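The values are calculated or read from the model by the stated rules, or taken from the named source; none is laboratory data. In this text, all values refer to a predicted model and were calculated from it rather than measured experimentally. Every residue, glycine among them, receives a Cβ derived from its backbone with ideal geometry; neighbour counts consider all protein chains shown.
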Amino acid sequence: MQTPQPRKADLVSPFTFRIEWRDGITTDLAARALRLACPCAGCIEEGTGRALLDPATVPADILLLGADLVGRYGLSFQWSDGHRTGIFAWPQLRQLGAAGGGA
């Protein structure tokens, strides 16, 4: 399977991040959905994949403050709760959009 490739990725509001994929699909990702899906070691147990982040601790109105490109393979986001350590690979971002992680 080929890795999905973005054409454009932008923070369209503090609540929504939009990715336009090279195949013509557009994915809108909600800030809270992204925060809950954070793949970092503080949010997901590395050995088992068990979620460590309690969804009740993530405010419904959490804001996306920005995003940084990580190499050629994904993005890192910064949220209003101070979190910023997760690296989201392009396939994960595409899957989140397809699974209803949208805005």
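Below is a table of values for the structure above.
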| item | result |
| --- | --- |
| Enumeration of residues in the stretch 29-43 that are in a strand (DSSP E or B) and more than 14 Å from the chain's Cα centre (by Cα) | none |
| The stretch 49-89, residues that are of a type in the set (S, T, N, Q) and modelled with pLDDT under 95 | T85 |
| The stretch 76-103, residues that are in a strand (DSSP E or B) and either within 9 Å of the chain's Cα centre (by Cα) or on the phi > 0 side of the Ramachandran plot (or both) | S76, F77, F88, A89 |
| From the options A60, A98, residue that is among the aliphatic types (A, V, I, L, M) and farther than 15 Å from P14 by Cβ | A98 |
| Qualifying residue in the stretch 52-75 (condition: among the small types (G, A, S), part of a loop (DSSP other than H, G, I, E, B), in contact with a Leu (Cβ under 6 Å, 6 or more places away or on another chain) and more than 17 Å from Q5 (Cβ to Cβ)) | no |
| Of all residues making up the stretch 35-52, the number that are over 14 Å from R84 (Cβ atoms) and without any contact (Cβ under 8 Å) to a residue 60 or more places away in the chain | 10 |
| Residue list for the stretch 53-80, filter: exposed (fewer than 13 other Cβ atoms within 10 Å of the Cβ) and more than 18 Å from I19 (Cβ to Cβ) | D54, P55, A56, T57, A60, D61 |
| Candidate set: the stretch 14-28, residues that are assigned to a strand (DSSP E or B) and without any contact (Cβ under 8 Å) to a residue 60 or more places away in the chain; chosen: the one surrounded by the fewest Cβ atoms within 10 Å (Cβ to Cβ) | T26 |
